[in-house]
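The values are calculated or read from the model by the stated rules, or taken from the named source; none is laboratory data. Because the structure is predicted, anything quoted here is derived from the model rather than measured. All Cβ positions, glycine included, derive from the backbone under ideal geometry; neighbour counts span all protein chains shown. Protein only, heavy atoms only, side chains kept; ligands, DNA and RNA dropped before computing areas. Shrake-Rupley method; radii C 1.70, N 1.55, O 1.52, S 1.80 Å.
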Amino acid sequence: MTEGPIVILTGAGISAESGLGTFRDADGLWTKYRLEDVATPEGYAKDPALVLDFYNARRENCVGASPNAAHSALARLERARGDVLLVTQNIDDLHERAGCTDVVHMHGEIMAALCARCGNRRPWEGRMCLTDVCPECGMDGRNRPDVVWFGEMPYHLDRIYSAVTNCGLFVAIGTSGSVYPAAGFVSEAAAAGAETLEINLEPSETASRFDRQIYGPATETVPAWVDQLVGG
Ligand code: OAD
């Protein structure tokens, strides 16, 4: 049994086998769209309809997808140990639907709306369009998905850094290690004395910073790793 709390960081790779595309793999989203156009405040200011459509498609895919064995294994780990913090870069809700109760969405959530005028946040299931009216400030044309874009500050960083620098084990699952600050968590954890483990399909950009690596599809590697920690 690992000593000390566990912090797990997940990325798009954990949801890949649920049918949700990753960003930087061969057929990833950033090979089909320019991230400057659809995932920046400037892109939204220039063409909000294009941005809303991009995320409407992401939301539709998310609603149609189901959690896979890797999401379920992490929910089992959370139930078996009281000291696991799950931080995700993913905007989908597959961790929650697998049964995880405390998921820190550092890049926001596709199933939520944010009013760009007054900051009102609310759950959102259907399509978003320019005529949506904010129930708080009454403005239309300012509805956006509650996701973090490039150039914006990720959410919950105080809680995340506190957990990362006080854990016994830091694990990154299904992330390419190319977007900061998440890509830097492994170094922060290691500097504070934690053991570090990468679980990914193949070596990430930050693979050499981890003490240990396990490579293969998440639906196989993650359940096997959880079995080792807490039994099958
Ligand atoms: P990436 O698309 O950059 O990386 C996905 C990683 O998952 C790669 O290292 C793949 O090798 C791995 N992978 C693919 N299939 C896998 C599988 N079946 N099992 C295990 N691993 C698999 O996605 P992220 O690292 O999550 O941010 O991207 C980080 C951020 O960049 C995202 O949150 C998003 C994006 O731009 C914003 O939009 C702000």
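A simple count of charges around Gly151, restricted to other residues whose Cβ falls under 13 Å of its Cβ and scoring Lys, Arg +1 and Asp, Glu -1, yields -3. Based on protein heavy atoms only, region 4-54 ends up with 47 Å² per residue of surface accessible to a 1.4 Å probe. Ligands, DNA and RNA are left out, and with a 1.4 angstrom probe the accessible area of region 67-185 is 42 Å² per residue. Based on alpha-carbon atoms, the Kirkwood radius and the radius of gyration of region 7-107 give Rg/Rh equal to 1.02.
Protection proxy ranking for 10-18, 24-32, 89-97, using the average of other Cβ atoms within 10 Å per residue and placing the highest first: 10-18, 89-97, 24-32. Counting only protein heavy atoms and a 1.4 Å probe, tell me what percentage of the chain's accessible area is made up of carbon and sulfur. The nonpolar share, carbon plus sulfur, comes to 50 percent. Extension gain for Asp47 to Met153 (0.36 nm times residue separation, less C-alpha to C-alpha distance): 36.0 nm. Spacing of the modelled spin labels on Gln228 and Asp211, each 7 Å from Cα toward Cβ, amounts to 1.2 nm. Applying 1/(1 + (r/R0)^6) with r as the Cβ-Cβ distance of Ala80 and Glu36 and R0 = 45 angstrom yields a FRET efficiency of 0.60.
Other residues with beta-carbon under 10 Å from the beta-carbon of Tyr215 carry, at +1 per Lys or Arg and -1 per Asp or Glu, a net charge of -2. Remark: relative contact order (region 27-104) = 24 percent; criterion is Cα-Cα distance under 8 angstrom and separation of 6 or more residues.
For Gln213, the residues 5 or more places off, or on other chains, whose built amide H falls under 5 Å of its own are Glu198. Couplings 3J(HN,Hα) of region 212-222, computed from phi: 9, 9, 10, 10, x, x, 4, 5, 9, 5, 5 Hz, in residue order, whole Hz [Karplus 6.51 cos²θ - 1.76 cosθ + 1.60, θ = phi - 60°; x for Gly and Pro]. Ordering of 40-50, 140-150 by packing is 140-150, 40-50, highest average first (other Cβ atoms within 10 Å, averaged per residue). Pairwise Cα distances in region 49-166 exceed 25 Å in 30 percent of cases. With distances taken between every two different alpha-carbon atoms, the chain has a Kirkwood hydrodynamic radius of 18.3 Å. Summing charges over all other residues whose Cβ lies under 15 Å from the Cβ of Leu169, with Lys and Arg as +1 and Asp and Glu as -1, gives -4.
Anyone know which of Thr131, Thr206, Thr101 comes out most mobile in the 10 Å Cα GNM of the chain? Taking springs between Cα atoms under 10 Å, the residue moving most is Thr131.
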